[in-house]
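The values are calculated or read from the model by the stated rules, or taken from the named source; none is laboratory data. Quantities reported herein were computed from a predicted structural model and do not represent experimental measurements. Ideal geometry is used to build each Cβ from the backbone, glycine not excepted, and the neighbour counts take in all protein chains shown. Note: areas computed on protein heavy atoms with side chains; ligands, DNA, RNA excluded. Shrake-Rupley method; radii C 1.70, N 1.55, O 1.52, S 1.80 Å.
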Amino acid sequence: MTGHDSLPPQALSEMIGQAKMLVALTGAGLSTSAGIPDFRGPNGLYVTRRYDPIRVFEIDWFRRAPQNFYEFARDFATMAEMIQPTFSHRFLHRLEAKGVLAGIVTQNIDLLHQKAGSEKVIELHGSFQSATCLGCGQRFLDLTYSWWLEIMDNSLKKPIAQCACGSLLKPDIVFFGEQVRQYDEAEALIRNCDLLLVLGSSLNVTPASQLPYETRAPTVIINRGEIILGAGENRFKVDADLDWYLRKVAEHLGPD
Ligand code: OAD
């Protein structure tokens, strides 16, 4: 991506100071400093190929050979159970508490926004918080990572999670080949915002990658490395570490 202006932290703090309907669109880069690898960064899952992304994240593969997904899921749940929100997650929560942030649209499935205290979160790609049995249709709600680890470890087809009816259990995360969740709400939120922050996403995956085009409000992208988003009026790109940059913004914002 070329042609975007950068933005000093103080300028962003001033924009935040004037905003009343700030929206954040977040991606995996927000959680790397918590210890969760992203997808397309230097240590991303698509780069290290620790898992085969197609076999793990495509819905047809999940139905045919869920072992691939559940091996990833067991590692993910083990890690996610222990991790804590980053400075950037907590920064967004603080903006919500101040009444500035209208909502977060996230592609992340790690629940770290909620763990930081954020309430207005749209999870486009779902999460492990609920699940559905693909056989009997039973819904499982308010799930924790410990619950998942237990059900995977006690399964007859370990690590594949099964319902009591013996059928395959699917966490309510969005696989490739499925519709994202709450897209219309996300679109409406972004259309009505007066400042959009795009944080830690390469914007490679549709339809989330289309959302920044829905607004003419000032848009500040903070992401280390390339992103797929054309230059536009009022669009700024900061190539920096998120926690580092947002700490500087927070210093300029001062105490609540
Ligand atoms: P990506 O891995 O594509 O993008 C994350 C971006 O964050 C990369 O450009 C990194 O360089 C950058 N980054 C990482 N750590 C950072 C840090 N500390 N500070 C600043 N930037 C940092 O992840 P997403 O765009 O979220 O979908 O990926 C979108 C979707 O692709 C995911 O939700 C997932 C995946 O396939 C599904 O599985 C359906």
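With 19, 11, 24 as the choices, which residue is free of Cβ contacts under 8 Å to residues at least 40 places away in the same chain, more than 8 Å from the ligand (Cβ to nearest atom), in the same structural domain as residue 115 (by TED's automatic domain parsing) and at negative phi? Only one candidate passes the filter, namely 11.
Suppose the filter is surrounded by 22 or more Cβ atoms within 10 Å (Cβ to Cβ), closer than 18 Å to residue 38 by Cα and hydrophobic (A, V, I, L, M, F, W, C); does residue 228 pass it? Spelling it out, it is not the case that residue 228 is surrounded by 22 or more Cβ atoms within 10 Å (Cβ to Cβ), closer than 18 Å to residue 38 by Cα and hydrophobic (A, V, I, L, M, F, W, C). When segment 168-184 is filtered for residues that are polar (S, T, N, Q) and either part of a helix (DSSP H, G or I) or within 12 Å of the ligand (Cβ to nearest atom) (or both), only 179 remains.
Only a single criterion out of (1) within 9 Å of the ligand (Cβ to nearest atom); (2) surrounded by fewer than 19 Cβ atoms within 10 Å (Cβ to Cβ); (3) not charged (D, E, K, R) is not satisfied by residue 48, namely (1).
The requirement of being surrounded by fewer than 21 Cβ atoms within 10 Å (Cβ to Cβ), part of a helix (DSSP H, G or I) and among the acidic types (Asp, Glu) is satisfied by residue 187.
Residues considered: 206, 132. Of these, the only one that is of a type in the set (Ser, Thr, Tyr), surrounded by fewer than 19 Cβ atoms within 10 Å (Cβ to Cβ) and under 19 Å from residue 28 (Cα atoms) is 206.
Mind checking which pairs have a first residue in segment 70-88 that is of a type in the set (Ser, Thr, Tyr) and modelled with pLDDT of 95 or more and a second that is in a helix (DSSP H, G or I) and open to solvent by less than 10 Å² (accessible area, probe 1.4 Å), Cβ under 6 Å, 6 or more apart or different chains? Taking only residues 6 or more apart or on different chains, the pairs are 88/30; 88/246. When you look at residue 58, is it of a type in the set (Asp, Glu), within 11 Å of the ligand (Cβ to nearest atom) and assigned by TED's automatic domain parsing to the domain that holds residue 168, yes or no? Yes: the conditions hold for residue 58. Among the numbered conditions (1) surrounded by 15 or more Cβ atoms within 10 Å (Cβ to Cβ); (2) more than 9 Å from the ligand (Cβ to nearest atom); (3) free of Cβ contacts under 8 Å to residues at least 40 places away in the same chain, the only one that residue 221 does not meet is (3).
Apart from one condition, residue 65 fits all of (1) within 11 Å of the ligand (Cβ to nearest atom); (2) without any contact (Cβ under 8 Å) to a residue 12 or more places away in the chain; the exception is (1).
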